[in-house]
Amino acid sequence: MFPTCRMVILGAALAALTLPPAARAQTLRVGASAPVTSIDPHYHTYSPNVSLDAHIYEPLVDMDAASRPIPRLALSWKLVDNTVWEFHLRPGVKFHNGEDFTAADVAYTIDRIPRVKNSPGSYAIYTKAISSVEVVDPHTIRLHTKQVYPLLPIDLTQVYIIPHTLGADPATEDFNSGKDAIGTGPFRFVSYKSGDRIEMDRNDNYWGPKPDWQHVSYRMIPNDAARTAALLSGDVDFIEAVPTTDVARLSHDKKLHLAETVSLRIIFLWLDHRGMTPHVTGPNGEKLDHNPLTDLRVRQALSMAINRNAIVDRIMQGAAIPSGQFLPKGSFSYVPGLNPPAYDPAKARQLLAAAGYPKGFRIELDGPNDRYVNDGKIIQAVGQMWSRIGVQTAVNAITWPSFIGQANKGAFSAFLLGWGTSSGEASNPLRSLIATRTPAKGWGAVNRGFYSNPKVDELLTTALATADDAAREKLLQQATTLAMDDVAFIPLHNQKNIWAMRAGLTYAARADETSRAQEVHPAK
Amino acid sequence: MTAWLLRRLVQAAFVVLAMTVILFIGLHVIGNPIDILISPEADQADRARAIAALGLDQPLWRQYALFLWGMLHGDLGRSFVFHEPALQLIGERLPATLELAVSAVLLAIVIGIPLGLYAGLYPNSLLGRSAMAGSILGFSLPTFWVGLMLIMLFAVRLGWLPSTGRGQTALLFGIRWSFLTRDGLAHLAMPAFNLALGNIALVLRLVRSGVRETLPLDYVRFARAKGLRPARVVGVHVMKNIMIPVVTVLGLEFGGTIAFSVVTESIFAWPGMGKLIIDSINVLDRPVIVAYLMIIVLMFVAINLVVDLLYTFLDPRVRLEDRG
């Protein structure tokens, strides 16, 4: 009995070490799934950084939970001329250091972004459309663009405003140390321990609704099992990216509450559209003098051979929805009725035969095994499904750093990738993924399937020059339909974003995957 | 002694140089960090700019020459990801790993040696037998599984210990340590034990077999016949003779524990070097990888040096000059 007794005392002593209940009620402890790499909001375009930045800093235009633009530091915006956007700024906003927020800060931020040193992923991609900045009065600013650029407000959702009093070119280190980590957001920065946690306190002078939390402890727990365990043991109150294998179990736990929404991230298969492709051979392994994937019927057959519902049910455990286009329902430029083809292996075989491949062919299907949710398992399943219609598939799942380098070099014939449409509308994937590779225009930068369709390019050109939202939406829908009917790539599913929290909390799940403590509330 | 020391240092320098060359070529073959780091929305021009900003547009030999030049000036480069000097990044994480590794090795000594002694002296006793049986588990169970089981038991079921992370820290010698606070100790307990498990089993078995081998030897019998107290026979004469393999293994294990605590650090979200290095490898953050491995190589050299010096202390027959 003695050892047990001692253990109980030890346990009680350890329990007493944790925070008293009163302090705990005011604190929200977040378990984030990826390490934040910088507190500088303009250093690295990386979603874990953006997720954290949204606590401390604010953009002019923000995204709501469904990724539609809403006013934040700007009250309103409009096109005053074809190439001039005018933003009316919110009055009475103060930075954490007590200074007033004005148009000078916006001009300063836009000026700083392209000059941040050694940025591995510059935020200049969101400001490069701006050719000049005109401060009209302290609360009105005009942004001039070279061409008509209807996407400017959406680009600005990624641009977090910092005060101009930080002086010429503040260093990234000074943000990490907290010296320059000054924004207008609902929380103020307290401390940053690299690879461990970020501590924040409520900004009691916040212009908007005050957050429910006096203090936020934002912890980075990349290991899935450990993150779930931290929630179960009560070490954190709120975790993001709940692993699909734990969803069923957690949803039955009465002490927990789950929030989920369909993500803007689509998982799809690229097919190589070049004349010759590296990893396709005849049914007996003989060399082919052409690329079967350039035949639309072959691409349709490969898409039709995939049982998307089975992948979603069995592999994703319901944490995804089958998808036939870039964006989920409810998004700007979603095409109603454009669904993925029904699973039909018999028809797929017919299409293959009609295209001249009655005995199929051999193909290698590549993909990462550590990047997207269940990525390795998904390509294994697809490999089996393709083999069933006579396309003998060798599946090759490798680690992301090695995979993405080869994918960029065009070393694959068929491969899995994902795309998170941060803008919430279709011009973004159309321009980067589908448009013909045109370095001069910056189009098709990640068109790793080498797809090219002049009609899609033309519609996209028109859409990007159309300021009227309704007309632009229609053009984008047409371009999307064209590309999908042509099976530019094979869409599989949209992931779901899932958060878990202790019972008594609520969260309006966000389509953009970010976790924001100010949007976590005690249930009423 | 001095010549010996000098030779060792020159050897170490060559090992470090060879390692950096292999790393530069190896990482270059694997891929380009910009492929991983840059926003997918960036276009071709943005990509070219980012590559140039990190100096990755230069030919590899030039990048290496620049690195050597920097190294001669005490600068190992800045992390591509954090934009902080690589050494400073590692330095921030070093204390966390160090206290974890030291606690693990201490646990291995404090638990492993007495248990091994007992199992060697009383091989047929219940405790001796169960210690041996338990040590097989300590060896064969994978660390990540044991770690998760510990979390499930002590954090989730019983709620005695915090599940993950590093606790409160306190300042000592200008460095923040967590073993100085009670909250820190509570956070340290599980990862340290998890990391120590394999070492405890190893030390236990080494000590036990050493004792079993030494006990029948003539000098032990003679010491007993001379009428020395059993405690002195075991504590001085036996122990001193079995410590050489134990010290060797502990030295190497200490190095290994520091260098490869990756699994334990990942599971317990411990902000140490192991987690930093695995994150850096995932994004091909070359400056950090190179600096880290240089430190590890130097550390192994230093540990071997200390082990060799300990030999001469434990066994006067060993002469440093005779050794390579």
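The values are calculated or read from the model by the stated rules, or taken from the named source; none is laboratory data. Please read these numbers as outputs of a predicted model, since none were measured by experiment. Heads up, the Cβs are rebuilt from the backbone with ideal geometry, glycines too, and the neighbour counts pull from every protein chain shown. Quick note on the areas: whole protein, heavy atoms, side chains included, nothing else; ligands and nucleic acids left out. Shrake-Rupley method; radii C 1.70, N 1.55, O 1.52, S 1.80 Å.
In summary, B:Thr143 fulfils each of the numbered conditions (1) among the β-branched types (Val, Ile, Thr); (2) free of Cβ contacts under 8 Å to residues at least 60 places away in the same chain; (3) within 13 Å of another protein chain (Cβ to nearest Cβ); (4) open to solvent by 30 Å² or more (accessible area, probe 1.4 Å) with the single exception of condition (2).
Across segment B:83-124, the qualifying residues are those that are more than 26 Å from B:Thr257 (Cβ to Cβ) and buried (at least 16 other Cβ atoms within 10 Å of the Cβ), and the one among them that is farthest from the other protein chains (Cβ to nearest Cβ) is B:Leu121. Looking across A:Phe403, A:Phe332, A:Phe326, one residue alone is buried (at least 18 other Cβ atoms within 10 Å of the Cβ), within 14 Å of chain B (Cβ to nearest Cβ), under 28 Å from the mean Cα position of the chain (by Cα) and assigned to a loop (DSSP other than H, G, I, E, B). It is A:Phe326. Of the listed requirements (1) surrounded by 18 or more Cβ atoms within 10 Å (Cβ to Cβ); (2) of a type outside the set (Asp, Glu); (3) over 28 Å from A:Pro368 (Cα atoms), A:Ala440 misses just one: (1). Evaluating A:Arg202 against the criteria (1) open to solvent by 10 Å² or more (accessible area, probe 1.4 Å); (2) under 25 Å from the mean Cα position of the chain (by Cα) leaves one unmet condition, (2). Regarding B:Leu56, is this residue open to solvent by 50 Å² or more (accessible area, probe 1.4 Å) and not β-branched (Val, Ile, Thr)? Here the answer is no, as B:Leu56 does not meet what is asked.
Strands (runs of 3 or more DSSP E) fully within segment A:107-226 that include at least 3 residues being away from chain B (no Cβ under 14 Å): A:130-137, A:140-145, A:187-193, A:197-202. Right, A:Val446: open to solvent by less than 40 Å² (accessible area, probe 1.4 Å) and of a type in the set (A, V, I, L, M, F, W, C) or not? When the stated conditions are applied, A:Val446 passes them.
Restricting B:Phe80, B:Phe67 to those that are open to solvent by less than 70 Å² (accessible area, probe 1.4 Å) and assigned to a loop (DSSP other than H, G, I, E, B) reduces the list to B:Phe80.
A single entry from B:Val234, B:Val211 fulfils the requirement of being open to solvent by less than 10 Å² (accessible area, probe 1.4 Å) and part of a helix (DSSP H, G or I): B:Val211. Considering (1) assigned to a strand (DSSP E or B); (2) of a type in the set (A, V, I, L, M, F, W, C); (3) surrounded by fewer than 20 Cβ atoms within 10 Å (Cβ to Cβ), the lone condition that A:Ala353 does not fulfil carries the number (1). Counting only helices (runs of 4 or more DSSP H) that sit wholly inside segment B:238-324, those with at least 2 residues that are within 14 Å of chain A (Cβ to nearest Cβ) and either closer than 26 Å to B:Ala201 by Cα or touching a helix residue (DSSP H, G or I) at 6+ places or on another chain (Cβ under 7 Å) (or both) are B:262-267, B:273-282, B:286-314. Taking the numbered list (1) in a loop (DSSP other than H, G, I, E, B); (2) within 23 Å of A:Gln158 (Cβ to Cβ) in turn, A:Leu433 passes all entries but (1).
Testing A:Val487 on (1) in a loop (DSSP other than H, G, I, E, B); (2) under 21 Å from the mean Cα position of the chain (by Cα); (3) within 24 Å of A:Arg308 (Cα to Cα), one condition comes back false. Which one is that? Just one mismatch for A:Val487, condition (2). Screening the candidates A:Ser47, A:Ser38 for the property of being within 12 Å of chain B (Cβ to nearest Cβ) and either open to solvent by less than 10 Å² (accessible area, probe 1.4 Å) or modelled with pLDDT of 90 or more (or both) yields one hit, A:Ser38.
Among the residues of segment B:143-190, those that are over 16 Å from A:Lys193 (Cβ atoms) and part of a loop (DSSP other than H, G, I, E, B) comprise B:Leu158, B:Gly159, B:Trp160, B:Leu161, B:Ser163, B:Phe173, B:Gly174, B:Phe179, B:Leu180.
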